[in-house]
Amino acid sequence: MSKQNALATNKRAYHNYHVLETWEAGIQLVGTEVKSIRQGKVDIKEAIVRIENEEAFLVGCHVHHYEFGNYANHEPLRRRKLLLHKREIIRLLGKVQEKGLTLIPLRFYLKNGRIKLEFGLCRGKKLHDKRETLKKHEATRDIERALKDRS
């Protein structure tokens, strides 16, 4: 996926979790939510994907009120249903029941004019893993700087 059509990203997810697999899902939204998300006024840092009664929901995602919305504006923290096939949900449920695995939203993006959610099956990182990731990231940045200075 190209990064230019991303509407919101969860950078904290890559810092706090090992992302094992990723999935794409449609999301059930109301009109003012669509307009607000297209403006980038969405916060998915505290969000999580839950599976209940063979349905997937995005919980804890804060979509800000649409500025020009009226009395019909949406509730910012409501649960939003994810549009997945039943077999995908059953497969995800089996994986989530493993110890230490959870579903974390990674980014909202546009695909053919529709808003999609990319979420990942994640395992939490330990403190030493986070430090190691930061060291690798800084090393690659230093190498890129050095190469930029050479050319």
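No lab work stands behind these numbers, since they all come straight from the coordinates. Small disclaimer: the values here were computed from a predicted structure and weren't measured. Ideal geometry is used to build each Cβ from the backbone, glycine not excepted, and the neighbour counts take in all protein chains shown.
Using just its DSSP H runs of length 4 or more, each adding -39500 (n - 2.57), the chain gives a mean residue ellipticity at 222 nm of -10000 deg cm²/dmol after division by all residues. Each Lys or Arg adds one and each Asp or Glu takes one away; over the other residues whose Cβ falls under 12 Å from the Cβ of Leu134, this sums to +3. Using the Cβ of Tyr66 as centre and a radius below 13 Å, the other residues enclosed give a net charge of 0, where K and R count +1 and D and E count -1.
Taking the chain as a Gaussian network of alpha-carbon nodes connected by springs under 10 Å, the highest mean-square fluctuation of the residues Leu101, Leu127, Leu29 belongs to Leu127. Any chance you could check the Cα centroid distance between segment 7-66 and segment 75-151 for me, in angstrom? Between the Cα centres of segment 7-66 and segment 75-151 lies a distance of 11 Å.
Packing-wise, with mean Cβ within 10 Å as the measure, how do 36-43, 52-59 rank, highest first?
With the highest mean Cβ count within 10 Å placed first, the list reads 36-43, 52-59.
Between 0 and 90 degrees, the angle of helix 127-150 with respect to the longest Cα principal axis of the chain falls at about 70 degrees.
Relative to the globular-protein estimate of 2.2 N^0.38 Å, the Cα radius of gyration of the chain stands at 1.19. Direction-averaged projected area, Cα convex hull, segment 4-69: 5.6 nm², rounded to one decimal. Each other residue within a Cβ distance under 13 Å of Arg79 adds +1 if Lys or Arg and -1 if Asp or Glu, for a net charge of 0. Helix 86-96 axis versus longest C-alpha principal axis of the chain: approximately 50°, rounded to the nearest ten.
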